[in-house]
Amino acid sequence: MVSAYPYIWQRAVYWKEQRREIEMEFALQNMAENLAVQAQFAGYAMWMEEIQEEQGRKLLPSQVFVPELETLLENKIIVQVGSEDADSAEVVWEDGSFYTDTGLLEEIRRYIDERGDSWKDALGTMGGIQNTRVLDEGGGVISGERPSLDEENQVRVRIFFDQMGRCKYAGAEGNTESVRSLEENQGAFNQALEGQDPIAYQYGNDYVYYGILFSGPQNRYYEFTIDKEKVLGYIPEGAEAIDFHTLGNSGMFLLIWIGLALLLALAAWLLPLLPVISLGTGKVSQAFLGIVALALLGDAFLVLYGGELIVETINGNLATVLSEIFGFDGWPETLRILNGIYWAITFATVYWAALCLRAVFTLGPWRYFKERTITGKICRMLVRFGRFVRIRCLRFWDSFSRINWQEQPVKVILKIVMVNFGILAVICMLWFFGIFALIAYSVVLFVILKRWADSFYKKYKVLLGTIGEIADGNLDVEVEEDLGIFTPFYRQLTRIQNGFKKAVQEEVKSQRMKTELVTNVSHDLKTPLTAIITYINLLKREDITEEERRSYIQVLEAKSMRLKGLIEDLFEVSKATSGSTPVVLVDVDIVSLLKQVHLELGERMETSDIDFRWSFPQEKVILKLDSQKTYRIFENLLVNILKYAMPGTRAYIDVQTEGEAVIVSMKNISAAELTINPSELTERFVRGDSSRNTEGSGLGLAIAKSFVELQGGRMDINVEADLFRVVIYW
């Protein structure tokens, strides 16, 4: 396949040469159309320059091309019904007067002013004012000088605006090939100029009913001296124009690949016939038909993208890029090997697929369907299920035939069944009336059995439910109804229930406090302590540099401060919960205090990717509080949001007054799933982030709640899915 690259490239070049003449024709036609539009726009730009010179002032494009607009928009002309301007009315007043639609007129003015910039750009594209000459209808020069013409590389194009402002091609001179192209594509040139009234192009021809008209150059020749490339353009030739599209359309690389793939498929079918070669017997060649189909589909994509690989390999682009990246000069030879591996994968897939499909002939179509297709597998499963049902039915019949009819319980059950059968047989003899008798018998039998079973089962179910709830940990369950024969069992169960309740409450409370305190304190204190020990050992080494020593000391300082903060927080929350912390009550403005905390944490908030929304009353909110502890409360809660809120969400801080009460609420979306009970979040060393990967101590909410309660307030925590809400009442 790789050896065929030169031939594939040759065929692609041949196909490209055949297509080149057609492409050239379309390209020249498109160039003529584009040149026509650019020439017309350049004429508009020259006309605007001419009008500005006549009036001696700077004008907007709308003032030049639609001069009536300014008068209409300034005066907003009022006309009467029945006048000549009646068709331009949009709104009619009760007194019979109406006015023009000034909104549309303003839109047209903006549109023309914006188009003026593109017309100036077109003039620059056509060589600018210095390469443009304006002539009157008789050929007299109005403005501009005729520049010298390089007939080998330039062409002079002339367009004419008639008395109606319509533009058309008016001849060319200079480069022979360019002139011939313009003459041959004169129809396309003039067609591109038809209907080029800018306002009509954008808003339709009905705009004239508003009393305005686009007035551009009239009875003018515009002569532009431009380079021949603006007429002829550039079309790549030969190998330079070969791309994946060209290679694919030539089709040669696909034909070669298909031919080689067919040879490999034939080999995959014939080689297993040789006794010495045991192909097609392994697990690899026993894949399901669906897997084979997916592999062939993927292989088809590889083959198609292989065309792009051929293009980039032959033109040398791939080798150049790889050389620039890896700095190796032998990529052309290496790429031949890599190309061979790539195509080997595609051919190996075909070979393997043919080897798998060979089983259609070796196994037979029916067996292949059953063993190598998903549908066949499902059918086989249904057959096995039918066999399973049949075996179960046979086993039931075998069990029924083994019943010992001499046993007493069996005899009682049999008698009941026989009596019931006799009653039903008598009822059946009553023919039509037997239906009513059967209904009455069934109702009576059902009522009797239902009452007896319900009474017994209800008491049993109540007792069983009570035992189940106690087993699930509900030691407060009580039963008020009479349980009949089950009453003694319930009395003993109540005694056990009360004993368990006392023991469990005490034990759970004790164990929980011990376990949580030891676990959390150990974990949070051990982390910085371990780091301190590690870096002290590192400092003991004599082979460390001074820079490393300073770095270790900085880490030791940070970990020591971390350990100090944890211990201080622990002491602080312990004193707060024990009531030994002094409280200094002064008049505190809650709003000002929150703003102060906001200012202190402003830098962290700006870099947190969390949008904080603040809602405060306009007036001051004064309360008798300890300012330092209240500051700590707000700081802990806002830091908690910064640590645990989901980035890209909003957090709401709201202060409200209800009578003499003040409510401060903070809401945010948690980044991690809150699986813990909200009431437990204010316990010591408890975090909503159960992984404990954050830098917090787990004491922030506990300290905040303790300080709120010390000052006579209440702090509630609510969790709704991922919405975390803290509300403080004072």
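Determine if the stretch 185-193 includes at least one residue that is open to solvent by 90 Å² or more (accessible area, probe 1.4 Å) and out of contact with any Asp or Glu (no Cβ under 6 Å at 6 or more places or on another chain).
The answer is yes, given that some residue of the stretch 185-193 is open to solvent by 90 Å² or more (accessible area, probe 1.4 Å) and out of contact with any Asp or Glu (no Cβ under 6 Å at 6 or more places or on another chain).
Could you list, in sequence order, the residues of the stretch 709-729 that are over 36 Å from the mean Cα position of the chain (by Cα) and either at pLDDT 90 or above or crowded, with 23+ Cβ neighbours inside 10 Å (or both)?
If the condition is that a residue be over 36 Å from the mean Cα position of the chain (by Cα) and either at pLDDT 90 or above or crowded, with 23+ Cβ neighbours inside 10 Å (or both), then Gly713, Arg714, Met715, Asp716, Ile728, Tyr729 are the ones that fit.
For a quick check of your reading of the model, give me the residue pairs whose first member lies in the stretch 383-400 and is more than 24 Å from Glu371 (Cβ to Cβ) and open to solvent by less than 80 Å² (accessible area, probe 1.4 Å), whose second is of a type in the set (D, E, K, R) and in a helix (DSSP H, G or I), with beta-carbon atoms closer than 8 Å and at least 6 apart or on different chains.
Going by the 8 Å Cβ cut-off, there are no qualifying pairs.
Is it the case, given these coordinates, that Arg632 is surrounded by fewer than 18 Cβ atoms within 10 Å (Cβ to Cβ), assigned to a strand (DSSP E or B) and of a type outside the set (Phe, Trp, Tyr)?
No, not satisfied.
Among the strands (runs of 3 or more DSSP E) confined wholly to the stretch 137-203, which include 3 or more residues that are touching a residue at least 12 places away in the same chain (Cβ under 8 Å) and either farther than 19 Å from Gln40 by Cα or not β-branched (Val, Ile, Thr) (or both)?
Of the strands (runs of 3 or more DSSP E) lying wholly inside the stretch 137-203, those with at least 3 residues that are touching a residue at least 12 places away in the same chain (Cβ under 8 Å) and either farther than 19 Å from Gln40 by Cα or not β-branched (Val, Ile, Thr) (or both) span 154-161, 167-174.
Restrict the check to the stretch 19-32 and report whether at least one residue is within 24 Å of Gly144 (Cβ to Cβ) and either at pLDDT 90 or above or open to solvent by less than 60 Å² (accessible area, probe 1.4 Å) (or both).
Yes, there is a match, as at least one residue in the stretch 19-32 is within 24 Å of Gly144 (Cβ to Cβ) and either at pLDDT 90 or above or open to solvent by less than 60 Å² (accessible area, probe 1.4 Å) (or both).
Based on what the data block shows, is Val284 open to solvent by 50 Å² or more (accessible area, probe 1.4 Å), over 19 Å from Ala359 (Cβ atoms) and either touching a strand residue (DSSP E or B) at 6+ places or on another chain (Cβ under 7 Å) or at pLDDT below 80 (or both)?
no
Going by the structure shown, is Asp626 without any contact (Cβ under 8 Å) to a residue 60 or more places away in the chain and acidic (Asp, Glu)?
So Asp626 fails the test.
Pull up the stretch 422-439, narrow it to residues that are modelled with pLDDT of 80 or more and loosely packed, with under 11 Cβ neighbours inside 10 Å, then point me to the one that is nearest to Asp482 (Cα to Cα).
If we take residues in the stretch 422-439 being modelled with pLDDT of 80 or more and loosely packed, with under 11 Cβ neighbours inside 10 Å, then Gly422 is nearest to Asp482 (Cα to Cα).
Are any of the residues in the stretch 74-84 at pLDDT 60 or above and assigned to a loop (DSSP other than H, G, I, E, B)?
no
Looking at the stretch 351-380, which of the residues that are open to solvent by 40 Å² or more (accessible area, probe 1.4 Å) and among the basic types (Lys, Arg) is farthest from the chain's Cα centre (by Cα)?
Arg367
Quick check on the stretch 138-156: of everything there that is out of contact with any Phe, Trp or Tyr (no Cβ under 8 Å at 6 or more places or on another chain) and under 18 Å from Pro217 (Cβ atoms), which residue is surrounded by the most Cβ atoms within 10 Å (Cβ to Cβ)?
The residue in question is Gly144.
Among the residues of the stretch 159-176, write down those that are surrounded by 15 or more Cβ atoms within 10 Å (Cβ to Cβ) and out of contact with any Lys or Arg (no Cβ under 9 Å at 6 or more places or on another chain).
Gly165, Arg166, Cys167, Lys168
Identify, from the list Val479, Val383, the residue that is outside any helix (DSSP H, G or I), under 60 Å from the mean Cα position of the chain (by Cα) and β-branched (Val, Ile, Thr).
Among Val479, Val383, only Val479 is outside any helix (DSSP H, G or I), under 60 Å from the mean Cα position of the chain (by Cα) and β-branched (Val, Ile, Thr).
Just checking, does the stretch 644-659 include any residue being buried (at least 18 other Cβ atoms within 10 Å of the Cβ), in contact (Cβ under 8 Å) with a residue 60 or more places away in the chain and part of a helix (DSSP H, G or I)?
The answer is yes, given that some residue of the stretch 644-659 is buried (at least 18 other Cβ atoms within 10 Å of the Cβ), in contact (Cβ under 8 Å) with a residue 60 or more places away in the chain and part of a helix (DSSP H, G or I).
Hey, can you tell me all the residues within the stretch 299-312 that are open to solvent by less than 30 Å² (accessible area, probe 1.4 Å) and of a type outside the set (A, V, I, L, M, F, W, C)?
Across the stretch 299-312, the qualifying residues are Asp299, Gly306, Gly307.
Pick out the one residue from Ile325, Ile258 that is in a helix (DSSP H, G or I), open to solvent by 40 Å² or more (accessible area, probe 1.4 Å) and modelled with pLDDT of 90 or more.
Ile258
Within the stretch 204-227, can you find the residues that are assigned to a loop (DSSP other than H, G, I, E, B), touching a residue at least 40 places away in the same chain (Cβ under 8 Å) and under 49 Å from the mean Cα position of the chain (by Cα)?
Selection gives Phe214 alone.
Test Gln130 against the stated conditions and say whether it is open to solvent by 20 Å² or more (accessible area, probe 1.4 Å), in a helix (DSSP H, G or I) and polar (S, T, N, Q).
yes
Taking only the stretch 581-600 into account, find how many residues are free of Cβ contacts under 8 Å to residues at least 60 places away in the same chain and either in contact with a strand residue (DSSP E or B) (Cβ under 6 Å, 6 or more places away or on another chain) or under 18 Å from Ser665 (Cα atoms) (or both).
Result for the stretch 581-600: 9.
Could you grab me the full set of residues in the stretch 604-616 that are assigned to a loop (DSSP other than H, G, I, E, B) and either free of Cβ contacts under 8 Å to residues at least 12 places away in the same chain or open to solvent by 30 Å² or more (accessible area, probe 1.4 Å) (or both)?
Thr607, Asp609, Phe616
Any residue in the stretch 292-314 that is within 20 Å of Ile8 (Cα to Cα) and among the acidic types (Asp, Glu) sitting within a Cβ distance under 8 Å of a residue that is open to solvent by 10 Å² or more (accessible area, probe 1.4 Å) and modelled with pLDDT under 85? List the pairs, counting only those 6 or more apart or interchain.
Close Cβ pairs satisfying both conditions: Glu308/Phe244; Glu312/Leu318.
The values are calculated or read from the model by the stated rules, or taken from the named source; none is laboratory data. Note that the coordinates shown come from a computational prediction; the quantities given were computed from them, not determined experimentally. Cβ sites come from the backbone with ideal geometry, for glycine too, and all protein chains shown count toward neighbours. Ligands, DNA and RNA are excluded from the accessible area calculation, which covers all protein heavy atoms including side chains. Shrake-Rupley method; radii C 1.70, N 1.55, O 1.52, S 1.80 Å.
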